[in-house]
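The values are calculated or read from the model by the stated rules, or taken from the named source; none is laboratory data. Keep in mind it's a predicted model, so treat the numbers as computed, not measured. We place every Cβ from the backbone using ideal geometry, glycine too, and count neighbours over all the protein chains shown. We work out accessible area using only protein heavy atoms, side chains counted, and drop any ligands, DNA or RNA first. Shrake-Rupley method; radii C 1.70, N 1.55, O 1.52, S 1.80 Å.
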Amino acid sequence: MKKFLLVLTALVISFAVVACTEQSTDTTEQQPMILNWNIGADPQTIDPTLNGASDGGDVINQTFEGLVREVGGVIYPGIAESWETSEDGLTVTFHLRESQWSDGTALTADDFIYSWLRGMDPATASEYSWIWEYTNIVGALEAVYDGGDLNDVEISAPDDYTIEVNLLYPTPYFVSLMAFYHFMPVNQTAVEAGAEGIWAKDPEIVVCNGPFMLSEYEAGVGLTLVKNPYYWNAEEVYIDQINGDFIDLETTAYVKYTAGDLDVLPTVPSAMVSALIAESPEFHVFPLLGTYYYNFNMDDPMFENVKLRTALTYAIDRSAIVEVLAAGQVPATGFVPGGFIDNEGNDFAEECGDYGIPTDDSKFDEAVTLFAEAATEMGYADAAALIDALEGTVVLYNTSEGHKLIAEMVQESWRQVLGIEVVLQNQDWAVFQDTRENGDYEIARGGWLTDFMDPAGLLAIFTTGNAYNDPNWSNEEFDQLMADAQSTTDIATHFEKLYAAQDILMAELPVIPVYYYADIYLIKDYVTGWGRSVLGSLDFSHARVDR
Amino acid sequence: MNNYYIKRILSAIFTLFIIGTLTFFMMKLMPGGPFARERPLAPEILAQLEEKYHLNDPIWKQYIDYMIGMIKFDFGYSYRELGVSVTEQIILKFPVSLRLGALATLFVIVIGIPIGIVSALKQNTWVDQLAMFIATIGVTIPGFVVATLYVSIFAGSLQWVDATDLDHWSSYIGPVLALSFYSLSFVSRLTRSSMLEILRQDYMRTARANGLSKVRVLYKHALKNALIPVVTYLGPMFAAVITGSFVIEKVFSLGGIGRYYVDSVGNRDYTMIMGVTMFYAAIYIVMVLLVDIAYSWIDPRIRLGKKQGD
C-alpha cells in the first residue's frame, strides 16, 4: 500500500509540474487599438500564391497588397499608382509606386514578375494556377497546362517601377483581378527561406507588404498581426494589432462575441441568424458571386426531356428554402447572380430577368401541366406512369446539415406538387466530388463561386468538356457563344454573347438554380471603416476600433 | 517474470505492426483522394504532388517505405499542412492534449476515488445518495454537453472565464471538467461498489476481530483490494484522455491532437491519419503494459504469476 501511495504522490507531483509549466500571461490594460477577429478554421496556408481558401484569403488581404485593392467593387490604387490599357485592349501597363517590403527593402516590378511566374509554375503546385487561363495573358495557359516555357509568358518590367502585360483578348476584368490574393507579390528571399509556404506562417521569416504583418502564429489556436510600419499607406492604418482566433465551432465563437472577447465573426450559428437579421445592426449580409444549384445527369435518358427538367425546376419554392436558411441568400432565377456590371453599367442578372423561373410557389400548376406534357413526349401512358418511372430517383448531396435541409425541402416539394418520390443520399465531400465528376448520379447538388468580376467566370463551366461541367451538358450554340465572348475585342459584343449564352442555358436547364450565395458577418458597431471586397475578403486597412 | 515482460513487449510490437498494416491498406481502400478539390487540380500539378508524396509508386513499395519510416518515427509530410511533417505536428499538438488529459486523470484520481470510498463507508446515507446521484448524471451526460453548457454558462452568461485559449489557469477548468466528468463519475461508482464488495468479505471481519484498528483495516486490507478494478480502468482511460477529445477540443477551440486527428480524416490527410493512428496505438499499448506493472505493485500474486494464500 505504501508503494501505491508513493506512486500516487509521484503522479500528483508530476502532473502538478506539467500543469504549472504553462505560464499564465495575464493581459494588462492595453492602450493600442486592438481588433479581436475570429478567422474560423486554421488556414491551410497564408502564402498568397499557394492559398485557395477564403479563410487564408482574409488573412492575406491584411498582410499583402497587390497592384490594386478592391473594396466593395471599387478599384483603388494599391502598389500600382496608376495604370493604362492600350487602345486595342491588348496591353496593360501598371506604374508602381516606390514602396517597401516589411523588412524595409524595396519592392519592385521584378517582385511581381517573380511571384506571378511562381504561381504559373507547375512545380509550385498552386491550387489557383488555373486562374491564369482567365487572365488571358499571352503564354500563361501554355505555361500552366502544356509545359510551356515561363520565359514565353508576356509579362515584363521595362524598369523597376513599370509592369507591362500582353493579353490575347481585351479583358475588361483584368485590372480588378489584380486585387485577388493570387496576384499579390511575394518576397523571393522569404519564400526560399521556408519552402511550401511555411515562410508565411513563420514570424521570423515572413516578409510582406500589406497594412499588417505577422508577429505570432500558433497552429490551431490563432495568430497575431501588427501594423506594418513600412506599408506605403501606413499613415491611414489605425489598428495597431489584430488578434486572430481559429475557432471553428460557431457556438463557441458566438459566446465569445457576446462576451465582448471577439469583435468580428465570419459566421454565426444558424439558429441565431433570423433573430440577428431582424434585430442586430451588427449583422451584415453581402451577396457572394456564386450560385447553389442541382445538376441533372444529362447522360441519363431519364432527363433528356426539357419539359421534365423545367417542371422539376418550377416545382420548387425557392423563397421558402431561403427563408429557412435565413442567411441572406437570394432565390436564384438564373445562373449568374447579381453584382456583375455590363458594358452599359447595368446589372447582368437584372437585365436577364427571371427566365420564367419562379421564386415562390406561383408556378406549381404550370409544373404539373409541363410534367404531363413531358410524360406524353417521353412515351409514357400518362403522368402517373412517369411518376412511377421517377420513383426512387436519387438526389445526391455532400454531407452537411444545410445541404440536407435543402434536399429535404426539394424532396417534399416534388412529392406534393408532382407526386414524385425521390430518395436522398449523402456522401462525404471527397467521395461526393468523385461521384459527381464521374457522372455516377441522377441529380446532384452543385455550387459555384467565381473569383473574377465577369459573368463568364460562371457560365464557362458549362462549355462542352469543361472539367466542372458536372451535368455533362453539351450545346454547340452555347459553346460557340462562349468562345466568341472570349475572343471578341469589343466589350459590347462580349456581353451580348454572354447574355445569349445564359438564355440558352436557362432554356435548356441542365441545372436547377436554387439560390445565390451570401456572406454573413457579425461585427461590433464600435468597429468602423472596415471593408469587404466583392470577391469576399475582409479589409481592415482603414478600420478603427473605438470601444 | 522477466520473460513475462519480454513477451509482453514483443507482442506489443507485433500488435503495432498489425495495426500499421491494417491502417495502411484501409487508407488505400478509402474513396476520395487527398487532392480532391472543388476545382480539380490541373493534371500537371496532380502529377507533381503524387510524385512528391510517392503516390505513383506501386502499393507494395509504398507499404514498405511506410513501415520503414514508421520504425524511424518518420511518418512523412502532411498532405494538408504544406511542408510540415507529421512528427512535427504530433510534437506540436500532443502536449496540449497531454496536459489536459493528465490534469483530467489527476482530477479523477484525487476526487473520484475518495468520493467512492466515502460513499461506500457511508452507504445509504444522504452523502452516499447525493454522490451517487451526481455520479449517475455524470455517466449519462456526454462530455460535449458538459462542455457546451460550461461555455454557454460560465463564458457566456456569467462571463467568469474565457471560452477558449489556455492562457490562464481558470481556462483549464472547463476542458478538464468536460474531459473528466464521465470518468470521474464512473470511477467513483466503481470504487464504491468494489469497496462495498470487499467490506463484506469475511477476512475484513477477521482482521477487525484480531484487534486491528478500523482505519488500518480499511487502509491496509480494503482499499488495496478495492483499487484493482479501478487501476484496470485508469490505464486505458489515461490513454484515451491524453490522446485528446475531438469534441472538447473543438468546443474550447484548443490546438490539441484530438481535433486535428478527426479533421485529418475529413481532409484525407493520409500521412497524418496513419501517423497519429500509430501514435495512439503505441500510447494505448504502453498504458496497458503500465497497468500490468501497477497490478504487480498492488497485488503481489500477479507479479509472482501464481496463486498464493493471503
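Couple of notes before you dig in:
Let's see how each residue does on (1) open to solvent by 10 Å² or more (accessible area, probe 1.4 Å); (2) modelled with pLDDT under 95:
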site: A:126; (1), (2): no, yes
site: A:133; (1), (2): yes, yes
site: A:142; (1), (2): yes, yes
site: A:146; (1), (2): yes, yes
site: A:151; (1), (2): yes, yes
site: A:157; (1), (2): yes, no
site: A:172; (1), (2): yes, yes
site: A:175; (1), (2): yes, yes
site: A:186; (1), (2): no, no
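- Taking the conditions (1) under 18 Å from residue A:267 (Cβ atoms); (2) crowded, with 21+ Cβ neighbours inside 10 Å in turn, residue A:303 satisfies each one other than (1).
- If you filter segment B:249-266 down to residues that are more than 8 Å from chain A (Cβ to nearest Cβ) and open to solvent by 10 Å² or more (accessible area, probe 1.4 Å), you find that the one that is nearest to residue A:245 (Cα to Cα) is B:263.
- Test: residue in segment B:82-96 that is at pLDDT below 80 and either assigned to a helix (DSSP H, G or I) or surrounded by 12 or more Cβ atoms within 10 Å (Cβ to Cβ) (or both): yes
- Hits in segment A:200-222 - residues which are within 12 Å of chain B (Cβ to nearest Cβ) and crowded, with 24+ Cβ neighbours inside 10 Å: A:200, A:201
- Within segment B:154-209, being at pLDDT below 85 and in contact with a Lys or Arg (Cβ under 9 Å, 6 or more places away or on another chain) holds for B:155, B:156, B:162, B:163, B:164, B:166, B:207, B:208.
- Residue in segment A:413-436 that is open to solvent by 50 Å² or more (accessible area, probe 1.4 Å), on the phi < 0 side of the Ramachandran plot, among the acidic types (Asp, Glu) and within 14 Å of chain B (Cβ to nearest Cβ) present: yes
- Test: residue in segment A:43-62 that is of a type in the set (Asp, Glu), under 30 Å from residue A:487 (Cβ atoms), buried (at least 24 other Cβ atoms within 10 Å of the Cβ) and touching a strand residue (DSSP E or B) at 6+ places or on another chain (Cβ under 9 Å): no
- In segment A:374-412, of all residues being crowded, with 16+ Cβ neighbours inside 10 Å and among the polar types (S, T, N, Q), the one that is nearest to residue A:297 (Cα to Cα) corresponds to A:393.
Residue-wise test of (1) modelled with pLDDT under 95; (2) in the same structural domain as residue A:233 (by TED's automatic domain parsing); (3) among the small types (Gly, Ala, Ser).
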{"residue": "A:22", "(1), (2), (3)": "yes, no, no"}
{"residue": "A:45", "(1), (2), (3)": "yes, yes, no"}
{"residue": "A:52", "(1), (2), (3)": "yes, yes, yes"}
{"residue": "A:81", "(1), (2), (3)": "no, yes, no"}
{"residue": "A:89", "(1), (2), (3)": "yes, yes, yes"}
{"residue": "A:94", "(1), (2), (3)": "no, yes, no"}
{"residue": "A:99", "(1), (2), (3)": "no, yes, yes"}
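- Filter pass, residue A:346 being more than 16 Å from residue A:415 (Cα to Cα) and either without any contact (Cβ under 8 Å) to a residue 24 or more places away in the chain or buried (at least 23 other Cβ atoms within 10 Å of the Cβ) (or both): yes
- Every residue from segment B:128-144 that is among the aliphatic types (A, V, I, L, M) and open to solvent by 50 Å² or more (accessible area, probe 1.4 Å): B:130, B:134, B:137, B:141
- Unmet requirement for residue A:206, which otherwise passes all of (1) modelled with pLDDT under 95; (2) not in a helix (DSSP H, G or I): (1)
- Filter result for residue B:178 (under 26 Å from residue A:261 (Cα atoms), buried (at least 20 other Cβ atoms within 10 Å of the Cβ) and either free of Cβ contacts under 8 Å to residues at least 24 places away in the same chain or touching a strand residue (DSSP E or B) at 6+ places or on another chain (Cβ under 6 Å) (or both)): no
- Filter pass, residue A:179 being aliphatic (A, V, I, L, M), open to solvent by 10 Å² or more (accessible area, probe 1.4 Å) and part of a loop (DSSP other than H, G, I, E, B): yes
- Which numbered condition residue A:421 misses (of (1) over 22 Å from residue A:515 (Cβ atoms); (2) part of a helix (DSSP H, G or I)): (2)
- Residue among A:12, A:74 that is open to solvent by 20 Å² or more (accessible area, probe 1.4 Å) and either within 14 Å of chain B (Cβ to nearest Cβ) or modelled with pLDDT of 95 or more (or both): A:12
- Residue within segment A:230-244 that is within 14 Å of another protein chain (Cβ to nearest Cβ) and open to solvent by less than 30 Å² (accessible area, probe 1.4 Å) present: yes
- Criterion: open to solvent by 40 Å² or more (accessible area, probe 1.4 Å), over 30 Å from residue A:497 (Cβ atoms) and in a loop (DSSP other than H, G, I, E, B) - qualifying residue of A:365, A:360: A:360
- When residues in segment B:99-127 are screened for being within 14 Å of chain A (Cβ to nearest Cβ), open to solvent by 10 Å² or more (accessible area, probe 1.4 Å) and under 16 Å from residue B:187 (Cβ atoms), 9 of them pass.
- Matching option when the condition is touching a residue at least 40 places away in the same chain (Cβ under 8 Å), touching a Phe, Trp or Tyr at 6+ places or on another chain (Cβ under 9 Å) and open to solvent by less than 20 Å² (accessible area, probe 1.4 Å), among A:288, A:265: A:265
- Test set (1) assigned to a loop (DSSP other than H, G, I, E, B); (2) closer than 23 Å to residue A:209 by Cβ - residue A:94 fails condition number: (1)
- Here residue A:457 fulfils each of the conditions (1) part of a helix (DSSP H, G or I); (2) over 30 Å from residue B:35 (Cα atoms); (3) open to solvent by less than 30 Å² (accessible area, probe 1.4 Å) apart from (2).
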